[in-house]
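Remarks on the structure that follows.
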């Protein structure tokens, strides 16, 4: 299974894994699954840190690559068609980061790992974080 992590799941997996469900932890640790972090999450982390809304031990441009190396999570690049797919999404959710993650998951056939139950309204496969 290809798992795309919502940004809060990236943050929790790096520093507060006890916040994740046992099902999510098992899925992230299962070597048969491909665990992906979208460039959308990198963008969200960088923006929130620069606004002072996210406290990380290092600048995001150093922190996230270190997390990726340590965890073995891979980067999922956002393609043009996924970015443009946002236009056609219903407005169940207003958060631009989440809307891009939804489009990314739908476009590339990923299961989104999240605690945000509203995202299920988009028909994207979810794994409860």
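To keep it simple, each residue is scored yes or no on (1) over 19 Å from residue 129 (Cα atoms); (2) in contact (Cβ under 8 Å) with a residue 12 or more places away in the chain; (3) out of contact with any strand residue (DSSP E or B) (no Cβ under 6 Å at 6 or more places or on another chain).
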position	(1), (2), (3)
2	no, yes, no
41	no, yes, yes
47	yes, no, yes
80	yes, no, yes
86	yes, yes, yes
104	no, yes, no
118	no, yes, yes
Inset, instruction - Quickly run through the range 69-86 and pick out the residues that are out of contact with any helix residue (DSSP H, G or I) (no Cβ under 9 Å at 6 or more places or on another chain) and part of a helix (DSSP H, G or I). - result: 69, 80
Inset, instruction - Would you point out the residue of the range 120-129, among those that are farther than 14 Å from residue 98 by Cβ and without any contact (Cβ under 8 Å) to a residue 24 or more places away in the chain, that is nearest to the chain's Cα centre (by Cα)? - result: 125
Inset, instruction - Could you figure out which of (1) without any contact (Cβ under 8 Å) to a residue 24 or more places away in the chain; (2) over 12 Å from residue 6 (Cβ atoms) isn't true of residue 74? - result: (1)
Legend entry - Within the range 1-66, helices (runs of 4 or more DSSP H) holding 3 or more residues that are under 10 Å from the mean Cα position of the chain (by Cα): 7-15, 39-50
Legend entry - Test for residue 118: is it at pLDDT below 95, part of a helix (DSSP H, G or I) and either within 27 Å of residue 22 (Cβ to Cβ) or in contact with a helix residue (DSSP H, G or I) (Cβ under 9 Å, 6 or more places away or on another chain) (or both): yes
Inset, instruction - Report yes if some residue within the range 78-91 is under 21 Å from residue 11 (Cα atoms) and under 15 Å from the mean Cα position of the chain (by Cα); otherwise report no. - result: yes
Legend entry - Candidates 21, 13 - the one that is exposed (fewer than 15 other Cβ atoms within 10 Å of the Cβ), within 15 Å of residue 115 (Cα to Cα) and touching a strand residue (DSSP E or B) at 6+ places or on another chain (Cβ under 9 Å): 21
Inset, instruction - Among the candidates 68, 28, 64, single out the residue that is surrounded by 16 or more Cβ atoms within 10 Å (Cβ to Cβ), free of Cβ contacts under 8 Å to residues at least 60 places away in the same chain, touching a strand residue (DSSP E or B) at 6+ places or on another chain (Cβ under 7 Å) and under 18 Å from residue 11 (Cβ atoms). - result: 68
Legend entry - Scope the range 90-115; condition within 18 Å of residue 78 (Cα to Cα) and either part of a loop (DSSP other than H, G, I, E, B) or at pLDDT below 95 (or both); matching residues: 95, 109, 110
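The values are calculated or read from the model by the stated rules, or taken from the named source; none is laboratory data. Quick caveat, the model's predicted, so the values are computed rather than measured. So basically every Cβ, Gly included, is an ideal-geometry build from the backbone, and we count neighbours across all protein chains shown.
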